[in-house]
Amino acid sequence: MRPGRPRCPRRIESEPVVSYFKPRGVPMSDLDVVLLSLEELEAVRLVDLEGLNQEEAAQRIGISRRALWEDLQNSRRKIVEALVTGKAIEIKGGNYTVKRPRRCTCNGCQADWDIPFSAREPDQCPKCGGSDVQSHPEDQDGGEPERCCKGRCRHGNESETEGDGA
């Protein structure tokens, strides 16, 4: 991070269920820990796991391609350092907001449920198995996001909830 310039919050889709990884058979008291922020995890997840290119991933996170590249480099270095040197990885903290899940409705049985923000529209209802389902239009991520950080980033606030980020 450059000194003197505030870091724009990154949009992440969800906080991870598991936040700690360690080498098997090594007591925690004997391990050094590498800290991976949630926005670093989101960058590597979108590019390396979901296969997005850097422009697409930067747009989803709401940052510039250069900022995404920096997050990717940091996260990859930390992950490789932990794997090669036998350190634990703790995932926590950072400057981020969490996207709200999209709400879906079955037009057959009227059941409502949430799906992750980036998931494709469901094919069937988890309650009745019916195929007449849709996500609510007001939950779609459309249009140009609002700008924060005095217009220096692409971070939008219309479809997010604040993460603890601390």
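Every number in this text was worked out from the coordinates using simple rules, so none of it is lab data. Because the structure is a prediction, the values reported are computed rather than measured. Glycine gets a Cβ as well: all are built from the backbone with ideal geometry, and neighbour counts include every protein chain shown.
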Give the separation of the Cα centroids, the range 42-75 to the range 17-37, in Å. 24
Ascending count of other beta-carbon atoms within 10 Å, so fewest first, for 49, 35, 68: 49, 35, 68
Which of 96, 20 has the fewest Cβ neighbours within 10 Å, and the rest in rising order: 20, 96
Among 56, 42, 121, which comes first, second and so on when ranked by fewest other beta-carbon atoms within 10 Å? 121, 56, 42
Across 10 Å bins from the origin, how do the percents of Cα pairs in the range 10-99 run, short distances first? 18, 48, 26, 8, 0
Write down the Kirkwood hydrodynamic radius of the range 47-113, to one decimal in angstroms, obtained as one divided by the mean of 1/r over all alpha carbon pairs. 15.0
Could you name the lysines in cross-link range of residue 78, using Cα to Cα under 30 Å and dropping any fewer than eight places away on the same chain? 22, 87, 92, 99
